[in-house]
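The values are calculated or read from the model by the stated rules, or taken from the named source; none is laboratory data. Given the structure is predicted, the values throughout are model-derived calculations rather than measurements. Note: ideal-geometry Cβ built from the backbone for every residue, glycine included; neighbour counts use all protein chains shown. Protein only, heavy atoms only, side chains kept; ligands, DNA and RNA dropped before computing areas. Shrake-Rupley method; radii C 1.70, N 1.55, O 1.52, S 1.80 Å.
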Amino acid sequence: PEWYFRSKMELKYDLDKPITPYVSAELLYQLNDPRTIESNKTWRRVRYAAGLEYKMNDRHSFSGYYIIQRGFNVSAPQNSYILGLAYTLSL
């Protein structure tokens, strides 16, 4: 199994409305990968995200987001551009 340490910072702006904009940044540090030992204990990727969350009520919310993911410290780093939708149900 691969083991990572993930650190994430997120900022949200409360508009006193059902819609909340947010931005976040996330770094992944690889602790262990038995397939590629030379990449252990290195920073592997960073993700930047921006989105809007729509809270319908206390239990249901939807969000739309855009993520830019950049890999580094690997032989062939890749950039990914991700557009997504999410649904959250709080129990």
Principal axes of the chain: Cα extent on each, largest first, Å: 49, 26, 18
About the Cα centre, and with charges only on the beta carbon of Lys, Arg (+1) and Asp, Glu (-1), how big is the dipole of the chain? Nearest 20 debye, please. 160
Taking the Cα-to-Cβ direction at LYS17 and at ASP58 and moving 7 Å from each Cα, how far apart do the two end points lie in nm? 2.5
Segment ALA25-ASN40, extension gain: residue separation times 0.36 nm, minus the distance between their alpha carbons: 3.2 nm
Solvent-accessible surface ranking, highest first, for ILE19, ILE67 at 1.4 angstrom: ILE19, ILE67
Report the full-extension gain for the segment SER75 to SER90: residue separation times 0.36 nm, less the Cα-Cα distance, to one decimal in nm. 1.3 nm
